[in-house]
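None of the figures in this text is laboratory data; all of them are computed from the coordinates on show. These numbers come from a predicted model, not from an experiment. Every residue, glycine as well, gets a Cβ built from its backbone with ideal geometry; the counts of neighbours run over all protein chains shown.
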Amino acid sequence: MASPLLFLALLSAGFAVMAEATSSGTTAPLTGNPHPGMSGASAAIFLDAGRVVVASDEDNRLRVYDPSTSQPPITAWDASPWLRLSGRNLECDLEGAARVGHRIYWIGSHGRNKDGKYRPNRHRFFATEVEETPQGPRLRSVGTPCFSLIDAMQADPKLAALHLDDAAALAPDAKGGLSIEALAARPDGSLWIGFRGPLAKGKAILVPLLNPDAVLEGRSPSFGSPTRLDLGGRGLRDMTWTGSEWILVAGATSGGQKGTRLFRWSGQGSSPRALDLPGLKDLHIEAVAVPPEQPVRRLFLCSDDSHRHSPGTPSFRSYWVDLPVSAQADPGR
């Protein structure tokens, strides 16, 4: 039997290791909640407290899940028949979503494929309306999908310095290649369009779309002046509006996930503040959503798990993380 002194020595050593891990920022990874049905989660929006609709970058189905369980989708809506797609590859590469009132806007990557081939079906911006029914909220199509956002950006003198024409000619994983991956509401009902790539002198690009509803009525897009954000050389993977600030998911400008990090931004200045949430290191976060509660105290994060080779039904993981109290009021920079 070990002596009491030896036991105390081992206990002290254990506390020392724990203290060192805490001081160095090392934490155990979060436990993800798996959701079967698809693996490439790329955008998420809450319909109500018990339902979240999640898009995939691998098909055009919008799947509704219970965020608290690991059950298959409650329901799914295929946007394909309404998006006027053509050719053999009908994937829109859906990457971003934003909700304003009862309307949810969706956006494709607007990029080429990994081999640099032009894919017109990825040039889609569209919207769905949330309808309340006795069985719960459901989606219906609204307006006319837009195919010309990038063309309009390239023609806008305010955006000329971004050189989007050069970026649009490259594969999205190439240095300087174009890929839209973030969409978020602004307080006035306009939208932020966020780019994974290209960067502008090392900074991530946000372009305001001032008239989203008019665009879906067939009118020309109107853009504001771009904003450049210092995210440590990362591009935008997703973003969402909490009612008081934007939460940003930033990552590598290529298709890799190394260096993924969360930031918060008040809308002022070009240097968002990092959210050092424990347990997120090495996770493949592609979507962030906030539940319908005020003030927002937690974030719902979705992992793109298409890189994981696991047997059985494809699935993605979600994670609930608490939003630090200090992150709920940003004085700006």
How large is ³J(HN,Hα) for each residue in region 232-237, as worked out from phi by the Karplus curve 6.51 cos²θ - 1.76 cosθ + 1.60 (θ = phi - 60°), to whole Hz, x for Gly and Pro? x, x, 9, x, 8, 9
Under 16 Å by backbone N from the virtual spin label 7 Å along Cα-to-Cβ at His307, the residues of region 268-292 are 280-287
Return P(r) of the chain (all Cα-Cα pairs; 20 Å bins starting at 0; whole %; ordered from short to long distances). 31, 56, 10, 3, 0
Length-normalised contact order for the chain - Cα pairs under 8 Å, 6+ apart - percent: 16 percent
Report the residue, chosen from Leu283, Leu85, Leu183, that carries the largest GNM mean-square fluctuation when the chain is represented by alpha-carbon nodes joined by springs under 10 Å. Leu85
What lysines could a cross-link reach from Lys117, if we take a straight Cα to Cα line under 21 Å and drop same-chain neighbours fewer than 8 places away? Lys175
In debye, nearest 20: dipole of the chain around its Cα centre with unit charges on the Cβ of K, R (+) and D, E (-)? 460 debye
